[in-house]
Amino acid sequence: MLFMKHLFFIFLSTTLFIQLSFAQGLSFNDDMSVHKPTFGHKAMVVSADKYASEVGVQILKQGGNAADAAAAVGFALAVTVPRAGNLGGGGFALFYDAPAKQIKALDYREVAPSRSTEKMYQHRDGSVDSNKSLHSLMGTGVPGTVAGLLDLQEKYGRLTRADILAPAIKLAEEGFPVSQSLALSLWDHKDRLKKRPETARTFFKYDGRPYAPGEIFIQRDLAESLKLISTYGKNAFYTGPIAHAIANDMKTYGGIITEKDLENYKPVYRDPIVGRYKGYQIAAMPPPSSGGVHIIQMLNTLENFDLKAKGHNSAASIHIMAEAMKRAYADRSKYLGDPDFVRIPLDKLTAKIYGRRIAESISQNSATPSRNISPGALFSVPEESPQTTHFSVIDEDGSIVSNTYTLNLSYGNAHVITGTGILMNNEMDDFSSRAGVPNAYGLIGGKANKIEAGKRPLSSMTPVIVFKNGEAVLATGSPGGARIITTVLNILVNVLEHEMNIADATAAPRVHHQWMPDELRIEQGISPDTQTLLKGLGYSVSLKAPFGAAMTLAKSSLGVYGYADSRRGDAYAAGY
Ligand code: GLY
């Protein structure tokens, strides 16, 4: 196996340097123009993939708006970026309707099946069996992507369902040349993907060999599923042939989703979380995503410091940011869950005074050990992947969709539903399988995020839109599991506080702290003397592989511009 991998890497010798460069955090690419900021456009799409971004632009040029383009990009990514783009997962879309001056927060997160129970992933002795939640159909939540994307397009789009599905169908049916990063991703995950013959048949050649960069990847079953959705709408997936196929696999392979669970699935529009930071307004996703709450909480904390004077990525700045992160992730572990099931103290968590109290609890001279930070300790005042993918779309009217969706782990649980080409998510692992036991991202949860039938698992996905003087000026979001929220925070602080352009703000090395483990994670590029200063403050500093992949749009008097994070090899900004 090791020998095969070695051969494959020799085969990819022209690409190896490029991939290693990413792994080391350099923004080197074979086609640098892909990642250059593009200025002065009227409309743009930034996504994890060139084909999908171009699909979005095609839809906008056809007369579609941001909602049409976003839905088309979402369906296209399910074909071209199968590790995270999906039909069998879920996500969140923040939609700014510019003509109506309204923001909609669309929750199409997966839902726990009706037969879910609190201890479904626990052994008799109470220990957690993460194989069940991560690597079996037991870990699949009722998917929301198809319902969500179609709902957004039907309610707010201008084109027909057939228009927005046509490009994805073409990509699946006629295929597309495999990129270097898709080839490497499929190779990296081959052991999981080859376990089930249906999955292996979908992602490898008929003789089991992997696709090489440039070879044409065709997904006929997926094309048929997309055609059914184009013709019959959400019914094809939730009550029709795809629903039958999902329910059949569930019965055959030990899953618990029933046809009734699929029929009952509904996306929900919620009130966005809105906060302010030094003259900007930030709109973000409410629970069941923890992203919006904690972005606002951390910005409210950081507002009390002059980070600009402390300097970008200086030890003093990183220290303050890490302390704000720790306290937010501690609160996430206790208070956050599905708002339809638990009462979340949103007002308290996002209050300016709470941010000030947290700021006051931060010592300028030393790191507070995580064991000394308790969730909500300061409430006693007058009164939380390479696995996920984000895309941002802006149309000529200025309407924006900032969308993050996922299968959870790359390729979800690697189960392609028989005959459909559709991968299933393993989102149930985002619940707390047991209070205090970390999930796949090391995140700790409590009762608020316990498993209950019909409940949505807590997420970290953080699509945001930033406004200034009533005008939308920025949209961003990122994959990265637990590091999603802090990746978005790094970018917001870089742009709003350090006045960096979105290219510099995205490329800059990132820092992350999630309370537990008590470890400050940094990307390459934080200088050795800064690291020494941080260690002196008491941090355990850990250099990690690059994290996050932010797809960012910004609007200025020059027009619309976009930047696709070079931490993802295929990321692409397209506009006109
Ligand atoms: N599955 C990752 C998240 O939703 O945060």
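No lab work stands behind these numbers, since they all come straight from the coordinates. In this text the structure is predicted, and so the values were computed from the model without any measurement. Note that we place each Cβ from the backbone using ideal geometry, even for glycine, and neighbour counts take in every protein chain shown.
Numbers for the structure displayed
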item: Anisotropy class of segment 51-101 from Cα gyration tensor, a/c 1.5 cut; result: oblate
item: Stokes-Einstein diffusion coefficient of segment 87-209, Kirkwood radius over Cα pairs, 25 °C, 0.890 mPa s, in µm²/s; result: 135 µm²/s
item: Proxy reagent accessibility, fewest Cβ within 10 Å first, across Glu263, Glu427, Glu323; result: Glu263, Glu323, Glu427
item: Segment 460-552: GluC sites (Glu not before Pro) falling in loop per DSSP and having at most 14 other Cβ within 10 Å; result: Glu499
item: For segment 224-290, projected area of the alpha-carbon convex hull averaged over all directions, nm²; result: 7.0 nm²
item: Among Met500, Leu534, Ala183 - extreme Cα towards positive end, dipole of the chain, charges at beta-carbon; result: Leu534
item: Trypsin sites (Lys or Arg not before Pro) restricted to DSSP loop in segment 239-278 with at most 16 other C-beta within 10 Å; result: Lys278
item: Point-charge dipole on Cβ atoms (K/R +1, D/E -1) for the chain, about Cα centre, debye to 20; result: 840 debye
item: Ellipticity estimate at 222 nm from DSSP helix runs (n ≥ 4, -39,500 (n - 2.57)) divided over the chain, nearest 500; result: -10500 deg cm²/dmol
item: In Hz, Karplus ³J(HN,Hα) per residue of segment 458-475 (6.51, -1.76, 1.60; θ = phi - 60°; x = Gly, Pro); result: 4, 10, 10, 4, 10, x, 10, 10, 10, 10, 9, 6, x, 9, 6, 10, 7, 9
item: For segment 288-355, radius of gyration divided by Kirkwood radius, i.e. Rg to Rh on alpha-carbons; result: 1.04
item: Under Karplus coefficients 6.51, -1.76 and 1.60, residue-wise ³J(HN,Hα) of segment 110-126 in Hz, glycine/proline x; result: 5, 10, 5, x, 4, 8, 6, 9, 4, 9, 5, 10, 9, 6, 4, 7, x
item: Shape of segment 498-576, Cα gyration tensor, a/c cut at 1.5; result: prolate
item: Backbone HN-Hα couplings from phi across segment 552-566 [Karplus 6.51/-1.76/1.60, Hz, Gly and Pro as x]; result: 10, 10, 9, 10, 9, 5, 6, x, 9, 9, x, 9, 9, 4, 6
item: Taking Ser402, Ser127 and counting other C-beta atoms within 10 Å, the order from fewest to most; result: Ser127, Ser402
item: Rounded if a/c under 1.5, otherwise prolate or oblate - the chain, Cα gyration tensor axes; result: rounded
item: Amide proton proximity set for Leu474, modelled H, under 5 Å, gap of 5+; result: Val466, Lys555
item: Exposure proxy order (Cβ contacts within 10 Å, fewest to most) of Leu171, Leu407; result: Leu171, Leu407
item: Cβ-defined net charge surrounding Leu492, 13 Å radius [Lys, Arg +1; Asp, Glu -1]; result: +1
